[in-house]
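Asker: Encoded as structure tokens, here's the structure I'll be asking about.
The values are calculated or read from the model by the stated rules, or taken from the named source; none is laboratory data. Everything quoted here is computed from the prediction, not taken from an experiment. Glycine also receives a Cβ, built like all others from the backbone with ideal geometry; neighbour counts cover every protein chain displayed.
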């Protein structure tokens, strides 16, 4: 299971013939791929291409109809879930609690009872741990960053981010990209589903293009193929 | 990782969140009050009759109040899809279930504590039998409703018409427990016969369904 | 194997017709109750069929939980649907029989109450299956079936004790029974068992065929998507 372009690297995630059926609709129609450790992958495609379904399957949130997923060599996703951090467009945070209170609770889910860790992670996303304002009153940029902090609590080897830049102001988005670069530098493997591929131009190691439930292309650069009318900034 | 610690942390978190968004509690308390008043208007018995029917009235009223409370058990976890954060983590599902069930138990007990004095007043109730058994029946009966109610509320999460799905699932399965609660209460109020069998039945019901819920909850939590 | 279904259907039709003849013509009229007593030949066998089908649903549900076998789920659904139909027949024929004979439409005795509770549980089961938006509907439904099964003994004991504390006159026959009546009863019991099994089997086949069509359609769209690349 080695990447032919770089025999030294190993596949941290390998998926084979993934099929996900919702009644008559197939969200994933046979996805097979290998992903190497320590890289930042941007997953692109139109709505309904299956990007979110793929990510949720990797996170263990969406059981597959058919196919296998191997994460860190394990088939049982529940055994490796402490190595995964997941973030989606909904914040996965309680609106009525402050950032620190939220993180203190979610840290417990991973067996972490360390306030210092929560504070460190909040500072890492450039937010203030002392802020007592409830998360519901944050701006979208702040909320997404706090959500990212939550995903980082357990220091995961793999980060799965679904539309992290959606509705986020430009400055926050660029800051988040900077954070992701730093995390890749420390050896994390990062998957970003996004419609704003231009933000990752020159940053992502690989762009994975999906269409109609399949991976149609994998390119090292962001050159939008002609049949993909992506937004330009 | 201590799962008791996680249950406690989740319970405290839920209570704190409930306290902060007080509107839900207030409207539910008021609803409970209204239920008592409506029932008292609809059934206006003499003192003799009231002891015979009060058991049934009180528990049906508690049941309706409980359903309103149970329906919003998981609502907080659906906002911002917080439940996904739990599902993705290695945290044991049973800790979440127990915390929710205990939170509901506290909540429904508060409602009952409000409604009971009102019923006593409106119906001039006085227990002719061993009144000390009444709190036991209340605790066992409330847990019977809450443990299944919490479980079925979780099952209803992935259905259309979530709010009606909960009572649809809960009421049939609760019938033996309801019969036991009502009969036990009536027998204590009238003093005519012993509530012992019904209390034992409630204990059996509670044990059986608590175990079943704990064993099967992970399937429900991880269902998409 | 292909003809097993047809043979079974023919056999069932024969048994039902023979049972009808026995019940309405051969069996003598009951002394006290009159002609209406003949409902007995349909009321009790329907209850038997319903309870058997609910048991099949429980077994299929457990089998599904353990093996995640699609056929088990289809069987569970079929058994539940047909069981509810037979159970409805029991609940309708019961009052129809009771009213002219004993003067009351309904009584909370053990058998009737148990039947009603089972009916309620399984109607809730069917509604859950219909309204579920989950991809794991079979799992959730199977869990509900297990809860229902756990409830049944508790219902039994609670009603039994309730009736010992508040006794009432027994309804539903007693005394010696004419051998011709017994014969008619057993014929209809067997006929209804076969009938229940037959309808459940055909519902099961229909469900499997329906799912196969869905899968085939979806597979075609995958092929198309692959071919167009």
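Asker: Being within 14 Å of another protein chain (Cβ to nearest Cβ), more than 19 Å from residue A:193 (Cα to Cα) and either surrounded by fewer than 22 Cβ atoms within 10 Å (Cβ to Cβ) or at pLDDT 90 or above (or both), is that true of even one residue in the range A:24-41?
Answerer: Within the range A:24-41 (the criterion being within 14 Å of another protein chain (Cβ to nearest Cβ), more than 19 Å from residue A:193 (Cα to Cα) and either surrounded by fewer than 22 Cβ atoms within 10 Å (Cβ to Cβ) or at pLDDT 90 or above (or both)), the answer is yes, since at least one residue qualifies.
Asker: Same structure, new question: Residue A:49: in contact (Cβ under 8 Å) with a residue 40 or more places away in the chain, assigned to a loop (DSSP other than H, G, I, E, B) and within 27 Å of residue A:220 (Cα to Cα), yes or no?
Answerer: On the way: in contact (Cβ under 8 Å) with a residue 40 or more places away in the chain: yes; assigned to a loop (DSSP other than H, G, I, E, B): yes; within 27 Å of residue A:220 (Cα to Cα): yes.
In short, yes.
Asker: Go over the candidates C:22, C:31 one by one and state the one that is at pLDDT below 85 and either within 27 Å of residue C:80 (Cβ to Cβ) or surrounded by 19 or more Cβ atoms within 10 Å (Cβ to Cβ) (or both). Talk me through it step by step, then tell me what you get.
Answerer: Details: C:31 fails: either within 27 Å of residue C:80 (Cβ to Cβ) or surrounded by 19 or more Cβ atoms within 10 Å (Cβ to Cβ) (or both).
That would be C:22, the only listed residue that is at pLDDT below 85 and either within 27 Å of residue C:80 (Cβ to Cβ) or surrounded by 19 or more Cβ atoms within 10 Å (Cβ to Cβ) (or both).
Asker: Another question, if that's okay. Looking at the range A:75-131, which of the residues that are exposed (fewer than 15 other Cβ atoms within 10 Å of the Cβ) and closer than 25 Å to residue A:58 by Cα is farthest from the other protein chains (Cβ to nearest Cβ)?
Answerer: Ranking the candidates gives A:75 first.
Asker: Moving on. Restricted to the range C:1-29, and to residues that are in contact (Cβ under 8 Å) with a residue 40 or more places away in the chain and outside any helix (DSSP H, G or I), which residue is farthest from residue C:190 (Cα to Cα)?
Answerer: The residue in question is C:28.
Asker: While we're here: Scan the range C:98-122 for residues that are closer than 22 Å to residue C:75 by Cα and more than 8 Å from chain B (Cβ to nearest Cβ) and jot them down.
Answerer: Correct list: C:115, C:118, C:119, C:122.
Asker: Just checking, does the range B:132-139 include any residue being in a loop (DSSP other than H, G, I, E, B) and at pLDDT 90 or above? Break it down into steps so the answer makes sense when it comes.
Answerer: As a first pass, look at the range B:132-139 and keep what is in a loop (DSSP other than H, G, I, E, B): B:132.
From the residues that got through so far, the ones that are at pLDDT 90 or above too are B:132.
Scanning the range B:132-139 turns up at least one residue that is in a loop (DSSP other than H, G, I, E, B) and at pLDDT 90 or above.
Here is a yes/no grid of residues against (1) surrounded by fewer than 16 Cβ atoms within 10 Å (Cβ to Cβ); (2) under 27 Å from residue C:125 (Cβ atoms); (3) touching a strand residue (DSSP E or B) at 6+ places or on another chain (Cβ under 7 Å):
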| position | (1), (2), (3) |
| --- | --- |
| C:7 | yes, no, no |
| C:38 | no, no, no |
| C:47 | no, yes, no |
| C:56 | no, yes, no |
| C:62 | no, yes, no |
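Asker: Looking for something out of contact with any strand residue (DSSP E or B) (no Cβ under 6 Å at 6 or more places or on another chain), within 22 Å of residue B:205 (Cα to Cα) and either more than 14 Å from chain B (Cβ to nearest Cβ) or in a helix (DSSP H, G or I) (or both) - is there at least one such residue anywhere in the range C:84-97?
Answerer: Initially, the range C:84-97 is screened for residues out of contact with any strand residue (DSSP E or B) (no Cβ under 6 Å at 6 or more places or on another chain), giving C:84-97.
Subsequent filtering for residues that are within 22 Å of residue B:205 (Cα to Cα) retains none.
For the range C:84-97, residues out of contact with any strand residue (DSSP E or B) (no Cβ under 6 Å at 6 or more places or on another chain), within 22 Å of residue B:205 (Cα to Cα) and either more than 14 Å from chain B (Cβ to nearest Cβ) or in a helix (DSSP H, G or I) (or both): absent.
Asker: Sticking with this structure for a sec: Any idea which of B:132, B:59, B:74 is under 22 Å from residue B:180 (Cα atoms) and in contact (Cβ under 8 Å) with a residue 60 or more places away in the chain? Walk me through it before giving the result.
Answerer: Numbers: B:132 fails: in contact (Cβ under 8 Å) with a residue 60 or more places away in the chain; B:74 fails: under 22 Å from residue B:180 (Cα atoms).
Going through B:132, B:59, B:74 in turn, just one is under 22 Å from residue B:180 (Cα atoms) and in contact (Cβ under 8 Å) with a residue 60 or more places away in the chain: B:59.
Asker: Also, I was wondering about something else. Where in the range A:178-225 are there strands (runs of 3 or more DSSP E), lying fully within it, with 1 or more residues that are at pLDDT 95 or above? Spell out how you get there, then give the answer.
Answerer: Numbers: elements: A:189-193, A:206-211, A:214-219.
Answer list for the range A:178-225: A:189-193.
Asker: Let me ask another. Would you point out which residue out of B:101, B:144, B:113 is within 14 Å of another protein chain (Cβ to nearest Cβ) and either surrounded by 18 or more Cβ atoms within 10 Å (Cβ to Cβ) or without any contact (Cβ under 8 Å) to a residue 40 or more places away in the chain (or both)? Walk me through how you get there before you give the answer.
Answerer: Details: B:101 fails: within 14 Å of another protein chain (Cβ to nearest Cβ); B:113 fails: within 14 Å of another protein chain (Cβ to nearest Cβ).
Just one listed residue meets the conditions, B:144.
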